[in-house]
Amino acid sequence: MMIIMKPNATPEQIEHVIQHIKEAGLNVHLSQGVEATVIGAVGEAHSIPTERFEGLDGVEVVKRITQPFKLASRQFHPENSIFPLDGFQIGANEIVLIAGPCSVESRSQILETAQAVREAGANALRGGVFKPRTSPYSFQGLGEEGLEYLAEAREETGMPIVVEIMSQTQLDLMLKYVDVFQVGARNMQNFNLLRALGETRKSVLLKRGLSATIEELLMSAEYILAGGNKQVILCERGIRTFETATRNTTDINAIPVLKNLTHLPVILDPSHATGHADYVTAVARAAIAAGADGLIVEVHHDPAHAVSDGKQSLRPEKFADMVKQVRAIAEAMGRSIAPIKKPVAVGW
């Protein structure tokens, strides 16, 4: 349930309500805004009457959150969640562009790609170092060596890095390097991993599973939010249907639906959604028109020789053209592309 405090509620009254929530065996989630303080009482609250809290000093009103995803719901948090990502904000009016190769293959490859996508307008660099491949014989990633290359690319370009995590056993290592943890479609319901990420305070980009409903995606986000990590980004990346013309079927509907249901930022991955570079720009344009807060796009300087996902990767010049097109769509929507962060000069 959601307990809305009066505008003039004192810190002592707020603390008194919090103690009552804990005594009821519920978890407390405090949201202090400009106009009001909202206290979420989350857990098995259906049998607890709202009257238990309505009479407490400083309480304005008590409401039940009807959605199963409590903390992710707009009922609990009506305003958009906005949080910083090392030089820019996500969830605000500016649209964020994340780009880079599916896999980090070598130092020269990631440094070259990082410079190219930054010059084209990217705000953050993506790159996989632990690869969840369908075949155990496919390239599995460079591991920590790849993380070191990504860290070097961040130092040269000023862009934060977005890296997929496959298991909570990788968390301690990746905490030293990564700015945004990406949870892939196969791990959307890896609840042990989600709980572990909820205990961190780094941003998490959560991808929708291949056959997951929107509610299931939001319930997965709830695991992270329930751990106290409020920096969750939702990513639509296409779902599996009967259609075989594309790798997946892009669920453009999901963007406005999610924006209506949740306060969390929503981005789209047109690379995995289509599986073909020829369709990436068109779907990227559609995503921005539908209200997405950003894009995550695969870019490779030589897609024909990429060790993974070359077919759906844009060349840097094609990515630059895509950025121009989505910028025009953003402006028509009254939005803009987040500005490029300049790298910090070393030794000055």
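For this structure, a couple of remarks:
- Test: GLU44 is surrounded by fewer than 12 Cβ atoms within 10 Å (Cβ to Cβ) and under 33 Å from the mean Cα position of the chain (by Cα): yes
- Matching entry among PRO7, PRO49, PRO11, PRO78 (being under 23 Å from the mean Cα position of the chain (by Cα) and either surrounded by 13 or more Cβ atoms within 10 Å (Cβ to Cβ) or farther than 30 Å from GLU155 by Cβ (or both)): PRO78
- For first residues located in the range 165-187 and among the polar types (S, T, N, Q), partners that are at pLDDT 95 or above and part of a loop (DSSP other than H, G, I, E, B) and lie 6+ apart or on another chain with Cβ distances below 9 Å form the pairs SER167/ASN190; GLN168/ASN190; GLN182/ILE165; ASN187/ILE165; ASN187/GLY209.
- Test for ASP278: is it acidic (Asp, Glu), in the same structural domain as ARG107 (by TED's automatic domain parsing) and on the phi > 0 side of the Ramachandran plot: no
- Count - residues of the range 32-77 that are touching a residue at least 60 places away in the same chain (Cβ under 8 Å) and out of contact with any helix residue (DSSP H, G or I) (no Cβ under 8 Å at 6 or more places or on another chain): 6
- Per-region count, the range 20-41, residues surrounded by 11 or more Cβ atoms within 10 Å (Cβ to Cβ) and either touching a Gly at 6+ places or on another chain (Cβ under 9 Å) or more than 20 Å from TYR223 (Cβ to Cβ) (or both): 15
- Where a residue in the range 264-281 is of a type in the set (Ser, Thr, Tyr) and its partner, wherever it lies, is in a strand (DSSP E or B), with Cβ under 7 Å and at least six apart: SER271/VAL297; SER271/GLU298
- Exactly one residue out of GLN109, GLN168, GLN182 is of a type outside the set (A, V, I, L, M) and surrounded by fewer than 19 Cβ atoms within 10 Å (Cβ to Cβ), and it is GLN168.
- Taken as a whole, the range 321-330 holds no residue that is in the same structural domain as ILE214 (by TED's automatic domain parsing), buried (at least 17 other Cβ atoms within 10 Å of the Cβ) and of a type in the set (S, T, N, Q).
- Being more than 29 Å from ALA282 (Cα to Cα), surrounded by fewer than 20 Cβ atoms within 10 Å (Cβ to Cβ) and under 16 Å from the mean Cα position of the chain (by Cα) is true of LYS230.
- Lone qualifier among ARG237, ARG247 - being assigned by TED's automatic domain parsing to the domain that holds ARG195, of a type in the set (Lys, Arg) and touching a strand residue (DSSP E or B) at 6+ places or on another chain (Cβ under 6 Å): ARG237
- Some residue of the range 128-145 being of a type in the set (Phe, Trp, Tyr), in a loop (DSSP other than H, G, I, E, B), surrounded by fewer than 19 Cβ atoms within 10 Å (Cβ to Cβ) and at pLDDT below 95: yes
- The selection criterion, being in contact with a His (Cβ under 9 Å, 6 or more places away or on another chain), closer than 30 Å to ILE340 by Cα and not assigned by TED's automatic domain parsing to the domain that holds ALA124, holds for ALA72.
- Within the range 235-246, the residues that satisfy the criterion of being buried (at least 20 other Cβ atoms within 10 Å of the Cβ) and on the phi < 0 side of the Ramachandran plot are CYS235, GLU236, ARG237.
The values are calculated or read from the model by the stated rules, or taken from the named source; none is laboratory data. Since the model is a prediction, treat every value here as computed from it, not as a measurement. Cβ atoms come from the backbone with ideal geometry, glycine included; neighbour counts cover every protein chain shown.
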